[in-house]
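Shown next, in C-alpha cells, is the structure this report addresses.
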Amino acid sequence: MALKVLSVASECTPLIKTGGLADVVGALPGALAKAGVEMRVMLPAYPGLAERLSGRRRLGLDLGKGESAAVIQGKAEGLTLYLVEAPQYFEREGNPYTGPEGRDWPDNAERFAYFARVAAAAARQGLGRWHPAAVHAHDWQAALVPVWREEEGGGPPVLLTIHNIAFQGLYAPAMLERLGLSQRWNTIEGMEFHGRIGFLKGGLALAERLSTVSPTYARELMTPAFGMGLDGLLRHRAEVFSGILNGIDLDAWNPSDDPALAARFSAAKPTPRTKNRRALEARFRLDPAPHAPLFIVVSRMTRQKGLDLLLGAVPELVGQGARLAVLGSGEPDLEQGFAEAARTHAGRVGVVIGYDEALSHLMQGGGDAILIPSRFEPCGLTQLYGLRYGCLPVAARTGGLADTIVEANVAALRAGVATGVLHAPDDADALTDAITKTIALHAEPGRWKTMRAQAMAQSVGWERSAAEYAALYREMVTDRAG
Ligand code: ADP
Ligand code: GLC
C-alpha cells in the first residue's frame, strides 16, 4: 500500500507561486507516486484557490480548547489539496507574504502559526478517512507543525525541508503567548534564538528529519558563513540532516512540447531555437544580432541572487558584443538599476520588470546562456530549466548550482562533459571573467554545440530524488514504530 504523506507548504505550482518552493511542492506528489508514496498538499486558502478545485468538500477539525478549524479538500492539476480556511488571514489580495506595498503582512506570525496548527491537527486526526503516516513541512511557514504536535497531543513524524534559510520567522518572545504556545518553547532546546523566538528554529529542533535541497547547500548550512545562526543546531543534528537535490517537472518544461515557445525544438533538432531568439529580440527590443550571444536572467531581484554584481558587469558584457535580456521583480533599487541599464544600452540590454511564466519559458528556449550569479543558492531551478532547454548556465559555484553544472574547464571540455561556466560567488571580477569566457566559448560553434547537447542530455527530473525522499519517509515511519 502506498505510504501516505501530507506535504505542508505556503506555495504550490500552478496554484500559487513566488519562487522555486512552489515548483518543488507542486512536482513532488507526481514524482513520489512512482516511488510508492501518496502525497497530498496542504496550503492556505488564498483568494480564488478554492474555486479552482474540483470535487470540493469541507472537512472540520478539532483544535482542542473548544476551537475548531475547516479545510477544503479538492483536486486540481492532478493534485489532491487541502486548503486551510481562515478568511481573516488568507483572503487578501497580493502575495502570500507581503501586502500591496511589498512589505511583510504585519500578522505573518499569526497567519502561519495558525496554518501550521491546523496542519498538525489534520495530521493527528486524519482528513476524512485519509490518515497520513508522515508530514513533509517546507520552510518557516510550515515549521511549527512539530511544535504544535508536541503542544497539542502528538501526531506523525515530520520531515522539515529548508528551501531558504534567509527566512526564519523571527519574533519577540511575547509572540508565544499571542499565538497560544506555551512558554516552554522559549528555551534553547525549543524556539529561542538570540533573545527572540524563531519558527524555523523550533521546527529544526523538533522535526524527526531535516533536509535541504542540495548536498552542497547541506554542507554549507553547517558552516557559520551560510548557516545564518542555525549552523550550530544543524551540526548538532547532522545525523538526521540530508541534502536531496531538486528536480524539475519534465512535462511542464519540455522544449519539444511547450506552448509558450515560438518554435519547439529538441536536442536532436535545436535549430528552431533561432525563432525563439527572434521572438525574444522583438519582446525585449534588442537589435537583431544573430551571431552575438544572448544572455538571459529570470530571477527574483534580491541580493541573494547577486544581481547587483551583474549590474556592474553589464558594460563589459555589452562591450564584448553580447546581448542581455532580463526578466524579474523584487528590490526596487535592483529593478531601477536594470531599467536604467536598458536605457543606457538600448538595443543591447532589454528588461521586463514583472512576473511572467510564459516569457520565462520563451527565454530559456531562445537565450544562449542564463546568468545566475547567486551569493547562495539552496538548489536553484532556473539552471535546470536552462540545461533542459540548451540555455547554458553561467553561475556561481555554490549550493545546488555547484551540484548540477559541470564547469567548462580544460579537462571537461576535452572530455565533452561540460554543461556551463562556474565562477567564484560574490566576486564581481570572477563574474566578468565567466561572462568573457562564455562569449569566447560561444564564438567556437563546434564547442558550443557539444556543450549544448551535453546540457540537454543531463537528467534533471525527479526520479532519483523522489526515491531518496520516499526512503526518508519510510525510515521516519519505521523509527516511530520501533
Ligand atoms: P528561488 O526559489 O530562490 O526564487 P529558484 O531558481 O529555485 O529560485 O526558482 C525560481 C522559480 O521562479 C523558477 O521557476 C523561475 O523560472 C521562476 N521565476 C523567478 N522570477 C520569475 C519571473 N520574473 N517571471 C517568471 N518566472 C520567474
Ligand atoms: C528556494 C531557494 C532555491 C530553491 C527553491 C526550491 O527558494 O532559493 O535555491 O531552488 O527554494 O527548493
Quiz prompt | When residues of the stretch 372-402 are limited to those that are among the charged types (D, E, K, R) and within 13 Å of ligand 1 (Cβ to nearest atom), the one surrounded by the fewest Cβ atoms within 10 Å (Cβ to Cβ) | solution = Arg375
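Within the stretch 431-473, can you find the residues that are hydrophobic (A, V, I, L, M, F, W, C) and more than 18 Å from Pro393 (Cβ to Cβ)?
Ala443, Trp462, Ala466, Ala467, Ala470, Ala471, Leu472
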Self-check item: Subset of the stretch 381-408 [small (Gly, Ala, Ser) and more than 24 Å from Leu221 (Cβ to Cβ)]
Solution: Gly386, Gly390, Ala408
Quiz prompt | Set Arg92, Arg111, Arg103, Arg117: member being open to solvent by 80 Å² or more (accessible area, probe 1.4 Å) and not hydroxyl-bearing (Ser, Thr, Tyr) | solution = Arg103
Practice problem: Determine whether the stretch 130-142 contains at least one residue that is more than 16 Å from ligand 2 (Cβ to nearest atom) and more than 24 Å from Val213 (Cα to Cα). | Solution: yes
Quiz item: Is there a residue being over 26 Å from the mean Cα position of the chain (by Cα), open to solvent by 50 Å² or more (accessible area, probe 1.4 Å) and in contact (Cβ under 8 Å) with a residue 24 or more places away in the chain anywhere in the stretch 284-291?
Solution: yes
Practice problem: Count, please, the residues in the stretch 357-371 that happen to be closer than 15 Å to Ala252 by Cα and either away from ligand 1 (no atom under 12 Å from the Cβ) or open to solvent by 10 Å² or more (accessible area, probe 1.4 Å) (or both). | Solution: 6
Exercise. Quick one: count up the residues across the stretch 1-29 that are within 16 Å of ligand 1 (Cβ to nearest atom) and outside any strand (DSSP E or B).
Key: 18
Practice problem: May I ask you to list pairs of residues, at least six apart or on different chains, whose Cβ atoms are under 6 Å apart, with the first in the stretch 321-339 being more than 17 Å from Gln364 (Cα to Cα) and touching a residue at least 12 places away in the same chain (Cβ under 8 Å) and the second being in a loop (DSSP other than H, G, I, E, B) and aromatic (Phe, Trp, Tyr)? | Solution: Ser329/Tyr355
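Taking helices (runs of 4 or more DSSP H) that fall entirely within the stretch 59-164, which contain at least 2 residues that are over 28 Å from Pro378 (Cα atoms)?
87-90, 108-125, 145-151
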Quiz item: Counting just the residues of the stretch 159-194 that are in contact (Cβ under 8 Å) with a residue 60 or more places away in the chain and of a type in the set (A, V, I, L, M, F, W, C), which one comes out farthest from Pro106 (Cα to Cα)?
Solution: Leu159
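Quick grid of which residues meet (1) within 16 Å of ligand 2 (Cβ to nearest atom); (2) within 23 Å of Gly380 (Cα to Cα); (3) open to solvent by less than 30 Å² (accessible area, probe 1.4 Å); (4) not acidic (Asp, Glu):
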site	(1), (2), (3), (4)
Asp231	no, yes, yes, no
Ser242	yes, yes, no, yes
Gly247	yes, yes, yes, yes
Ala263	no, no, yes, yes
Lys269	no, no, no, yes
Pro272	no, no, no, yes
Quiz item: Counting just the residues of the stretch 386-402 that are assigned to a helix (DSSP H, G or I) and within 11 Å of ligand 2 (Cβ to nearest atom), which one comes out farthest from Glu357 (Cα to Cα)?
Solution: Gly399
Quiz prompt | One residue from Ala325, Ala342, Ala346 being more than 26 Å from Ile16 (Cα to Cα), more than 16 Å from ligand 2 (Cβ to nearest atom) and crowded, with 18+ Cβ neighbours inside 10 Å | solution = Ala342
Self-check item: Residue satisfying condition, being more than 30 Å from Met456 (Cα to Cα) and out of contact with any helix residue (DSSP H, G or I) (no Cβ under 7 Å at 6 or more places or on another chain), within set Ala166, Ala172
Solution: Ala172
Practice problem: Could you list, in sequence order, all residues of the stretch 1-20 that are under 21 Å from Gly354 (Cβ atoms) and open to solvent by 20 Å² or more (accessible area, probe 1.4 Å)? | Solution: Thr13, Pro14, Ile16, Lys17, Thr18, Gly20
Quiz prompt | In the stretch 405-423, the residues that are out of contact with any Asp or Glu (no Cβ under 9 Å at 6 or more places or on another chain), open to solvent by less than 60 Å² (accessible area, probe 1.4 Å) and either charged (D, E, K, R) or within 22 Å of Pro315 (Cα to Cα) (or both) | solution = Glu407
Quiz item: Since Ile435 meets every condition but one in (1) open to solvent by less than 40 Å² (accessible area, probe 1.4 Å); (2) in a loop (DSSP other than H, G, I, E, B), which condition does it not meet?
Solution: (2)
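The values are calculated or read from the model by the stated rules, or taken from the named source; none is laboratory data. Keep in mind it's a predicted model, so treat the numbers as computed, not measured. Don't worry about glycine lacking a Cβ; one is built from the backbone with ideal geometry, like all the others, and counts go over all protein chains shown. Side chains included, ligands, DNA and RNA excluded: accessible areas come from the protein's heavy atoms. Shrake-Rupley method; radii C 1.70, N 1.55, O 1.52, S 1.80 Å.
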